[in-house]
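The values are calculated or read from the model by the stated rules, or taken from the named source; none is laboratory data. Small disclaimer: the values here were computed from a predicted structure and weren't measured. Neighbour counts are summed over all protein chains in view; Cβ atoms, including those assigned to glycine, are modelled from backbone coordinates with ideal geometry.
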Amino acid sequence: MSRQFPDAPETQPSGLIYAIGAYLAWGLLPLYIMLVRQVPPFEFVGWRVIFTLPVCLLVVALRRQGGEVLAAITERRTLAALIASALLIGGNWLIYIVAIQAGHVFAASLGYYINPLVNVLAGTLFLGEKLTARQWAAVALAAAGVSLLAWDAREMLGISLGLALTFSGYGLVRKLAPVGALPGLTVETLLLALPAIGILVWQARDHGHLALGASTGADVLIALSGVVTAVPLLLFAVAARRMDYSALGFIQFLAPTLVFLIGLIVFHEPLRPMQLACFVAIWAAIAIFVWDLLARRAARA
């Protein structure tokens, strides 16, 4: 029988504040990634894993959760789930970093606009979650907007779909896996550590050097990738276990909206009329979804 770890949804408070914190952090992530754009994407993924591991181990030690980490490693089904989630989040990191460093900020934004729709679909198909009529209307409106944007950016749709599918899959696996947020992330990072070391060795042989060590400022920014990676993932993992997956998906629209605004204001990407129409439709869908949540909460009061 699977062991039930802490922060199970039936015994814990709402994960809304955790979800908002995670998506705010991810929405601002392009600003950080552009600061380390001199680091090749594969190498940066390697460093993200390497520097995330000590952060996780430190917090595990402080919270005395070493036993839960060991239990997750030794329980076959839990370990299999975390292997899958580790591969999904590793692939997601790589696609995202390549997209941002190549200047495809809107394509990355679109990926995380598509992701909530995939989450809603996953929630209804795999988790038996039910949507109200207003929520289905919001989903339909958001899907129409995303379709417009996808058609207008067909040449970069692969990036967007790759981001959406890998992250939705990651969230679904983490919601179902019987392991807490921190122990789960620690095991995922341990699983990715060996491939990360292999990437760094390959990068050093291929280019004759690594980005780490070029300058003190660059080294500090690269080392910060551990905190930048671990904190929002921990917040997300807690939120995923405490919230309906479809509701979590709609809150996720916060992150790509921030990414979209950063692309527009900071990176000066041109905004085409089709893109504007898409974002208006999506923001209207968010408003409907939030209205429904507030209305149902008022009805229960």
- When restricted to ARG297, ARG205, the only residue modelled with pLDDT under 80, part of a helix (DSSP H, G or I) and surrounded by fewer than 22 Cβ atoms within 10 Å (Cβ to Cβ) is ARG297
- Out of all the residues in segment 135-149, which are crowded, with 18+ Cβ neighbours inside 10 Å and over 15 Å from PHE253 (Cα atoms)? LEU148
- Restricting attention to segment 229-249, does a residue exist that is under 30 Å from ALA137 (Cβ atoms) and of a type in the set (Asp, Glu)? yes
- Query: Out of the residues in segment 8-39 that are assigned to a loop (DSSP other than H, G, I, E, B) and more than 24 Å from ALA193 (Cβ to Cβ), which is modelled with the highest pLDDT?
  - Reply: LEU28
- Task: Filter the helices (runs of 4 or more DSSP H) completely within segment 83-184 down to those with at least 2 residues that are closer than 30 Å to PHE42 by Cβ and of a type in the set (Lys, Arg).
- Result: 157-176
- Can you tell me which residues in segment 106-134 are touching an Asp or Glu at 6+ places or on another chain (Cβ under 6 Å) and surrounded by 21 or more Cβ atoms within 10 Å (Cβ to Cβ)? PHE106, GLY123
- Could you list all residues from segment 227-258 that are buried (at least 24 other Cβ atoms within 10 Å of the Cβ) and of a type in the set (D, E, K, R)? ARG241
- Query: When you go through (1) without any contact (Cβ under 8 Å) to a residue 12 or more places away in the chain; (2) within 21 Å of the chain's Cα centre (by Cα) one by one for GLY123, which number turns out not to apply?
  - Reply: (1)
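Conditions (1) closer than 24 Å to ALA137 by Cα; (2) among the charged types (D, E, K, R); (3) touching a helix residue (DSSP H, G or I) at 6+ places or on another chain (Cβ under 9 Å), marked per residue:
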position: ILE265; (1), (2), (3): no, no, no
position: TRP283; (1), (2), (3): yes, no, yes
position: LEU294; (1), (2), (3): yes, no, no
position: ARG300; (1), (2), (3): yes, yes, no
- Exactly one of PHE5, PHE51, PHE42 is over 23 Å from ALA211 (Cβ atoms) and either modelled with pLDDT of 90 or more or surrounded by 15 or more Cβ atoms within 10 Å (Cβ to Cβ) (or both), and that one is PHE5
- Note on the structure: Result of the Cβ filter at 6 Å on segment 88-113, keeping first residues that are over 18 Å from CYS278 (Cβ atoms) and partners that are of a type outside the set (Phe, Trp, Tyr) and in a loop (DSSP other than H, G, I, E, B), at least 6 apart or interchain, is GLN101/ARG37
- If you go through segment 254-272 one residue at a time, do you hit one that is more than 25 Å from ALA25 (Cβ to Cβ) and at pLDDT below 80? yes
